[in-house]
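So the structure is just underneath, and the comments pick up after that.
The values are calculated or read from the model by the stated rules, or taken from the named source; none is laboratory data. Note that the structure is a prediction, hence the values are computed from the model and not measured. Cβ placement follows ideal geometry from the backbone for every residue including glycine, while neighbour counts extend to all protein chains displayed.
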Ligand SMILES: [Zn+2]
């Protein structure tokens with residue numbers, strides 16, 4: 001495993017606060033052999049802010065920030081609104 005990079009102002013990552021996020025080492029990104037083509041979806045995470053992916057070669061797991069895109073122009077009105085009332 002690669003050793004932690006030295007911290008300097010240019011490579012300090014801002015820690016993103018995410019719900020139910022497992023502990024990670026924010027200084028350690030993708031390891032050398034784990035390029036994105038080897039990564040496989042592993043766990044849906046919180047479904048909003050992060051997912052977990054696993055390297056098929058070395059089995060290291062990563063927490064990957066995600067972003068949800070909303071297409072408001074393609075929204076459609078729900079039929080049977082009352083079925084979803086609480
Ligand atoms: Zn790997």
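Mind checking which pairs have a first residue in segment 72-86 that is at negative phi and a second that is part of a loop (DSSP other than H, G, I, E, B) and at pLDDT 95 or above, Cβ under 7 Å, 6 or more apart or different chains? Listed by first residue and then by second, the contacts come to 84/78.
Out of all the residues in segment 60-86, which are surrounded by 10 or more Cβ atoms within 10 Å (Cβ to Cβ) and part of a loop (DSSP other than H, G, I, E, B)? If you could, list the steps in order and put the result at the bottom.
Applying the first criterion (surrounded by 10 or more Cβ atoms within 10 Å (Cβ to Cβ)) to segment 60-86 yields 60-66.
60, 66 - these are the residues of segment 60-86 that are surrounded by 10 or more Cβ atoms within 10 Å (Cβ to Cβ) and part of a loop (DSSP other than H, G, I, E, B).
Kindly indicate the residue of segment 39-59 that is in contact with a helix residue (DSSP H, G or I) (Cβ under 7 Å, 6 or more places away or on another chain) and part of a loop (DSSP other than H, G, I, E, B) and also farthest from the ligand (Cβ to nearest atom) among those meeting that condition. Here the answer is 56. Counting only residues that are surrounded by 10 or more Cβ atoms within 10 Å (Cβ to Cβ) and out of contact with any strand residue (DSSP E or B) (no Cβ under 8 Å at 6 or more places or on another chain), segment 32-58 holds 7 of them.
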